[in-house]
Structures are given as structure tokens and as C-alpha cells.
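The values are calculated or read from the model by the stated rules, or taken from the named source; none is laboratory data. Please read these numbers as outputs of a predicted model, since none were measured by experiment. All Cβ positions, even for glycine, are placed from backbone atoms using ideal geometry, and neighbour counts span all protein chains on display. Ligands, DNA and RNA are stripped out before the accessible areas are found, and what is left, the full protein with its side chains, is counted by its heavy atoms. Shrake-Rupley method; radii C 1.70, N 1.55, O 1.52, S 1.80 Å.
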Amino acid sequence: MLPLSPDSEVYRFTWMPSFHVPRSIRVEHRGNVYSLHVKEEGKDEGTLAIDRRILLTPTQWQALQQHLEEARFWTLDRFASPRSVVYVDGAQWLFEGGWEGRYRALDIHSPDPDGRAAPFYNLGAFLVELAGIPMTEGALY
């Protein structure tokens, strides 16, 4: 994700579920352009089933900023599971951000939409919605 140009702000959400195809959603603000890039792995190694760019409105960017603020993305001291936990199912949710020379990454396992990680679940769900990725009820875990 780095290096970044000085006039850009970038976030990436990578969703890596146990039994579904991984997806990556990257949003960027560069100058006066707001864009979203979505990629999904294809069935054959090294191929992409989805690789598209979508222009966002300033209102959509502001909604993203609100989700990031609610999740305390830049200010959260830490978000970690106990070291003794071993996951054999679920999904890894990786959130990355780059802005004003800073980089931040937070790795969360299957955030509970009703638990303390709910703001991160909401952030990921918002990005999936912006990307236009169809999801059935309960498919985002």
C-alpha cells in the first residue's frame, strides 16, 4: 500500500473467509477524485473473477470517514484476540490505511456484528455494499 503520494488517503479491506473466495476492496482519495477498486480471485490460480474500479461521490467518501471514526481506526490502541485462541473456521478481516505518511493495519477474526468489533463489521459491510458485491444473509462473517 505504501508509498503514498502526499495528497492521497487510501484504505483497503481484505476479506479472507475459510470457505469462500477472498476479496479485496481498496478506496482512495487523491486530489478531488474518490475511487473504489474491488478484486476477487478467480477459480484458476493467478486469475481474477472481478477487477473493477468505481468512482465514488464525496458523500460516499464522507460516509466511509464516519465508519472509520466509529471504528476508531486511527486511534484504537489495539485490537487483538487472546494469544491462546486458535481459529479453524471463520474469516480474517484485514483493514489497512495510509494517510499523511502513516500506515495502520488491523487484523480481526470474524467480527461479531453485535459485539465489541461491531464498528469493524459495519465498516466491512459498508465497503462490500459500496463495491456492489452481492451477499446473501449471513454470508459476510
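Counting only other residues whose beta carbon sits under 11 Å from that of Tyr11, what net charge do I get with K and R as +1, D and E as -1? Walk me through the intermediate numbers first.
On the way: positive: Arg12, Arg26, Arg104; negative: Glu9, Glu28, Glu96.
Result for the neighbourhood of Tyr11: 0.
Which of the trypsin sites (Lys or Arg not before Pro) found in the range 13-67 are in a DSSP loop and have at most 15 neighbouring Cβ atoms, other than their own, within 10 Å? Filter output for the range 13-67: Lys43. How large is the helix-only mean residue ellipticity at 222 nm for the chain, computed as the sum of -39500 (n - 2.57) over DSSP H runs with n ≥ 4, divided by its residue count, in deg cm²/dmol to the nearest 500? About -6000 deg cm²/dmol.
If the viscosity is 1.002 mPa s and the temperature 20 °C, what Stokes-Einstein diffusion coefficient in µm²/s follows for the chain when Rh is the Kirkwood radius over Cα pairs? Display every interim value, and only then the final one.
Values: Rh = 15.8 Å.
Rounded, D is 135 µm²/s.
Computed with a 1.4 Å probe over protein heavy atoms only, the accessible surface of the range 25-75 comes to 65 Å² per residue. Stretching the chain fully between Thr59 and Thr136 yields a gain of 25.1 nm (0.36 nm per residue, less the alpha carbon separation). First obtain the Kirkwood hydrodynamic radius of the range 102-141 from its Cα pairs, then insert it into the Stokes-Einstein equation at 20 °C and 1.002 mPa s, and state the resulting D in µm² per second as a whole number. So the translational diffusion coefficient is about 193 µm²/s. Longest stretch of the chain clear of exposed loop sites (GluC sites (Glu not before Pro), DSSP loop, at most 10 other Cβ atoms within 10 Å, sites excluded): 46-99.
Using only side-chain charges placed at the Cβ, +1 for Lys and Arg and -1 for Asp and Glu, the dipole size of the range 38-80 relative to its Cα centre rounds to 140 debye. Ranking Pro22, Val33, Val10 by how far each Cα lies toward the positive end of the dipole of the range 3-59 (charges on Cβ) leaves Val33 at the top.
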